[in-house]
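Data first, discussion second: the structure below is written as structure tokens.
Each reported figure results from applying straightforward, stated rules to the coordinates on display, with no laboratory input. Here the structure is a predicted model, which means the values were calculated and not measured. When we count neighbours, we look across all protein chains shown, and the Cβ atoms used for this are built from the backbone with ideal geometry, even at glycine.
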Amino acid sequence: MSNTPIETDVVIVGAGPCGLFAVFELGLLDIKAHLIDILDRPGGQCTELYPEKPIYDIPGFPVISGQELTDNLMNQIKPFDPEFHFNQRVDELKKLDDGRFHIKTDDNQEFIAKVIVVAAGGGSFTPKRPPLPGIEAFEGTSVHYSVRRMSDFEGKDLLIVGGGDSALDWTLNLAPLANSLTLVHRRDKFRAATDSVNKMLALRDEGKINFILGQMTALKGENGQLEEVTISGPEGDQDIKCNCLLPFFGLTMKLGPVANWGLNLHENLIKVDTEKFETNEKGIFAVGDINHYDGKLKLILSGFHEAALMAQQANAYIYPDRKVIFQYTTSSSSLQKKLGVK
Amino acid sequence: MPKIIYIEHDGTSHEIEAEAGMTVMEVAKKAEVPGIEAECGGACSCATCHVYIDEAWQTKTGSAEEMEEDMLDFAFEVRPNSRLSCQIKVTDELDGLTLRLPQKQF
């Protein structure tokens, strides 16, 4: 988090496959990009939802996994030195008097750019909220979906819910700090790494933490301070006294702040034209799953195409006096020089 | 053609003719049954095609395999009869399969 706004040509909102490929197309035109993503790594849906699963419809790749595709794209855009800002969500986007755009993230990082490319896919990945009535009242005070500072949990009576690496890792990391720690999971099988599970069971056997089989059904507290959570399990209901809850139910995509930027939407998708993939706001483009136009298909290959055409118009805004001569990477020595292959 | 009965949370019932070989999720999406999102398109990656199988059909539909059980951890209000409908293939044996939809998908 820094207080000096970062000034650049283009800010790309989202570092999934289409945001990544946009770097390439812009790079061929000497346009520099910064990318912002709420996840802690590039790849978007590909690495979050299906890193190991095969994709069969990427041109040129009969089969490729989500992670491999992301790795390939990262390699492909390396010559253009993109800068990434992870673990941040773009909250505010507005136009400045000089025609450039001002962005502010939820980490208070500011950017000023001539062109914005919204490659937000299905929306920001947001932690899933457990279906407990009234839980919102405790969020941020006693219910947390991530751990920013471990010391915040010192001395707490902690309840952690989940069976994946997040739940197990935080159980192991916070057990020494907490006053008491209970882990809850709906079944006795875990998705987490076997080693983590074994360490957790060892802590349980030593009496250092509690493990309960079951699901949360209710919570109790006042003024944002949690007091008790009810767990329903195979043996009935239990009320667990706790003052802090960490539910790890995975992530879901939410449109989020994109809805507030004054862009024309069609059923929560950003409307664009099909020549430049520009929104109703000149200088703001949308590529990939987040956009909409007649005939739109939510395919990665569509986003790649959209990025190529977007870059042409972005170039017109950023280098208005430069005449673009269309070139091929196979034969243009100047393009090849930029790619570092000659 | 086997019929599948989808009962929404508010009680609205949809009786849909299904093609054997399609998944229960695909049948619902094709017939535009509300309440099944299937964000990942059937890749067992999102837990938004979550359904509750009626007791009478539990033996015939079978139980979830490991990958589906892992994903069910992420579904909204999981119950013992929860399944991800993208993992259930329609067969003639499932003619009359009755299932209920959760209050919402995450």
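Before moving on, here are some points about what is shown:
- Remark: for residue pairs A:K32/A:K298; B:K3/B:K60; B:K30/B:K89; A:K94/A:K114, the C-alpha separation exceeds 18 Å in A:K32/A:K298.
- Each Lys and Arg adds +1 at its Cβ and each Asp and Glu adds -1 at its Cβ; summed about the Cα centre, the range A:48-195 shows a dipole of about 340 debye.
- Residues in the range A:158-180 reached by a label modelled at A:K208 [backbone nitrogen below 19 Å; 7 Å Cα→Cβ]: A:158-161, A:165-180
- Neighbour-limited loop hits for chymotrypsin sites (Phe, Trp or Tyr not before Pro), the range A:1-72 (at most 14 other Cβ within 10 Å; DSSP other than H, G, I, E, B): A:Y56
- Annotation: amide H-H contacts under 5 Å for A:I6 (H modelled 1.01 Å from N, sequence separation of 5 or more, or interchain): A:E110, A:F111, A:I112.
- Links that overshoot a 25 Å alpha carbon limit, given the list A:K208/B:K104; A:K53/A:K342; A:K156/A:K220: A:K208/B:K104; A:K53/A:K342
- When each of A:K276, A:K53 is scored by the number of other beta-carbon atoms lying within 10 Å, the sequence from fewest to most is A:K53, A:K276.
- Diffusion of chain A by Stokes-Einstein, at 20 °C in a medium of 1.002 mPa s and with Rh set to the Kirkwood radius over alpha-carbon pairs, works out to 96 µm²/s.
- J(HN,Hα) series, the range A:242-253, from Karplus relation 6.51 cos²θ - 1.76 cosθ + 1.60, nearest Hz, glycine and proline x: 7, 10, 8, 10, 10, x, 10, 9, x, 10, 9, 8
- Cα-based helix-to-principal-axis angle, A:66-77 vs chain A, degrees rounded to 10: 40 degrees
- Value at 222 nm in deg cm²/dmol, rounded to 500, when DSSP H runs of n ≥ 4 in chain B each add -39,500 (n - 2.57): -4000 deg cm²/dmol
- Here the Gaussian network model covers chain A, with springs between Cα atoms less than 10 Å apart; of A:G44, A:G121, A:G236, A:G236 fluctuates the most.
- Each Lys and Arg adds +1 at its Cβ and each Asp and Glu adds -1 at its Cβ; summed about the Cα centre, the range A:129-249 shows a dipole of about 320 debye.
- The range B:3-100: C-alpha gyration tensor shape, a/c 1.5 cut-off, then a/b vs b/c: rounded
- Considering helices alone, the calculated mean residue ellipticity of chain A at 222 nm is -6500 deg cm²/dmol, with DSSP H runs of length four and up weighted by -39500 (n - 2.57) and normalised per residue.
- Annotation: extensible slack from A:I112 through A:M150 equals 10.4 nm (criterion: 0.36 nm per residue apart, minus Cα-Cα distance).
- On Cα atoms only, tilt of A:165-174 relative to the major axis of chain A in degrees: 60 degrees
- Charge dipole (the protein assembly as shown, unit charges on Cβ, about Cα centre) - positive-most of B:V90, A:Q215, A:L297: A:L297
- In terms of its C-alpha gyration tensor, the range A:188-342 comes out prolate, because a/c is 1.5 or above and the ratio a/b outweighs b/c.
- The aspartates and glutamates whose alpha-carbon is closer than 16 Å to the alpha-carbon of A:K323, local same-chain residues fewer than 8 away aside, are A:D30.
- Neighbouring Cβ atoms from other chains, within 10 Å of the Cβ of residues in A:242-251, number 2 on average.
- Going from the fewest other Cβ atoms within 10 Å to the most, the residues A:M150, B:M25 appear in the order A:M150, B:M25.
- Computed from phi, the 3J(HN,Hα) profile of the range A:297-314 under the Karplus parametrisation 6.51, -1.76, 1.60 (θ = phi - 60°) reads 10, 7, 10, 4, 5, 5, x, 4, 4, 4, 5, 5, 6, 4, 4, 4, 6, 4 Hz, with x in place of Gly and Pro.
- The dipole here belongs to the range B:3-100: it is taken about the Cα centre, uses +1 on the Cβ of Lys and Arg and -1 on the Cβ of Asp and Glu, and is about 120 debye.
- Short-range pairs are left out: with C-alpha atoms under 8 Å and at least six residues apart, the relative contact order of the range B:3-100 is 40 percent.
- Under 5 Å, built H, 5+ apart or other chain: amide partners of A:V143: A:L245
- According to the calculation over all Cα-Cα pairs in the range A:129-249, the P(r) per 10 Å bin from zero is 14, 50, 32, 3 %.
- Ordering A:E278, B:E66 from the fewest to the most neighbouring beta carbons within 10 Å gives B:E66, A:E278.
- Crossing angle, helix A:194-205 versus chain A [Cα axis fit, 0-90 degrees, rounded to tens]: 20 degrees
- Since only B:C44, B:W57, B:I4 are under comparison, the one whose Cα sits farthest along the positive direction of the charge dipole of chain B, derived from C-beta charges on Lys, Arg, Asp and Glu, is B:I4.
- Gaussian network model of chain B, Cα within-10 Å springs - most flexible of B:A56, B:A18, B:A64: B:A56
- Distant-in-sequence amide contacts of B:E39, defined by a placed amide H-H separation under 5 Å and a gap of 5 or more residues or a different chain, comprise B:T48.
- Ranking A:C244, A:N75, A:V10 by how far each Cα lies toward the positive end of the dipole of chain A (charges on Cβ) leaves A:N75 at the top.
- The mean count of C-beta atoms from other chains within 10 Å of the C-beta of residues in A:181-188, rounded to a whole number, is 2.
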